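Single-structure report; data block below.
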């Protein structure tokens with residue numbers, strides 16, 4: 001049974017969780033500053049809306065007291081969750097999700113820059129569409145070009161080609177990758193309902209939906225936890241891509257991060273396909 005309408009609550013607001021492990025200080029500061037600005041955009045139209053940031057330190061968090069002060073200056077409560085060690089991406093977010101008392105919750109990467117109106121537009125859209133329980137935005141790269149991070153169900157070939165082949169070789173599979181990346185539907189203008197899989201770099205939920213799903217599956221340490229959560233979300237709500245919500249993403253693929261990330265990627269891919277079904281070609 002799908003959840004279509006969230007009960008009204010005095011705790012109407014937005015919590016944001018960011019999980020970090022030895023983060024790039026410059027990128028993290030940029031993310032937090034953009035969060036502060038975007039939260040200011042929400043407050044401009046919804047003065048009573050409550051806003052909270054939950055920063056989950058899985059290890060190696062540098063001194064960011066000055067940046068957090070800028071966030072608090074926008075009327076945003078800030079909590080740093082630490083001491084749990086490096087429990088992984090999904091389990092880290094789950095620590096924040098279980099603390100959220102608000103009607104909306106945003107899962108956010110520490111390498112995302114929010115447009116000044118991103119959060120205000122996201123809240124407006126979800127309030128106007130009570131059947132939507134998970135929202136994904138228009139995601140741009142470092143140059144501002146559209147990243148195609150909505151996905152159809154992957155095959156092993158799709159993952160290998162996109163994740164590990166050099167750019168020149170990937171051109172040989174351009175039609176295949178275009179289908180996997182939903183390039184026939186995702187664009188700068190159109191709202192797209194129910195993309196099968198959306199990126200974990202920005203997942204904005206109705207909190208009631210997220211808690212019904214029990215957050216991320218903790219069996220994934222890193223990679224594919226967003227694929228898993230996306231597919232499960234379709235069982236209880238509708239998922240929507242809306243380009244009026246805009247962010248920039250400065251992340252990179254597993255293959256570019258070294259052998260340890262490749263091993264984690266492969267291990268998580270096995271868990272994903274073992275749960276949802278193997279698709280080779």
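Values in this text are rule-based calculations from the coordinates and carry no lab data. Every value quoted in this text rests on a predicted model; they were computed, and no experiment measured them. Reconstructed Cβ throughout: ideal geometry from the backbone, glycine too, with neighbour counts over all protein chains shown.
The stretch 33-72 gives an Rg/Rh value of 1.05, both radii derived from C-alpha positions and Rh following Kirkwood. For the pair residue 24 and residue 98, label points projected 7 Å from Cα toward Cβ lie 3.2 nm apart.
Based on Cα contacts under 8 Å between residues 6+ apart, the stretch 1-120 shows a relative contact order of 44 percent.
Inter-part distance, the stretch 124-172 to the stretch 206-249, computed on C-alpha centroids, equals 13 Å. According to the square roots a ≥ b ≥ c of the eigenvalues of the Cα gyration tensor, what is the shape class of the stretch 1-124, taking rounded for a/c under 1.5, prolate for a/b larger than b/c otherwise, and oblate for the remainder? Note, shape of the stretch 1-124 comes out oblate. Shape class of the stretch 43-101 from the alpha-carbon gyration tensor: oblate, with a/c at 1.5 or above and b/c at least as large as a/b.
Between residue 65 and residue 86, how high is the FRET efficiency from 1/(1 + (r/R0)^6) when r is the Cβ-Cβ distance and R₀ = 22 Å? Nearest 0.05.
Values: r = 22 Å, r/R0 = 1.01.
Taking R0 as 22 Å, the efficiency between residue 65 and residue 86 is 0.50.
Here the simple spin-label model places points 7 Å from the Cα toward Cβ, and for residue 77 and residue 234 these points are separated by 3.6 nm. The Rg/Rh ratio for the chain, using Cα coordinates for both the radius of gyration and the Kirkwood hydrodynamic radius, is 0.94. Computed from the Cβ-Cβ distance with R0 of 22 Å, the FRET efficiency linking residue 169 to residue 145 stands at 0.60.
Using a cutoff of 8 angstrom between alpha carbon atoms and counting only pairs six or more residues apart, the relative contact order for the chain works out to 25 percent. Considering only 85, 59, 258, the Gaussian network model of the chain with Cα springs below 10 Å gives its largest mean-square fluctuation to 258. Counting only the Cα atoms, the stretch 170-252 fills a convex hull of 128 Å³ per residue.
From most to least packed by mean Cβ count within 10 Å, the peptides 34-45, 62-73 give 34-45, 62-73. As a rough guide to protection, the peptides 221-229, 121-129 ranked by mean Cβ packing within 10 Å, highest first, stand as 221-229, 121-129.
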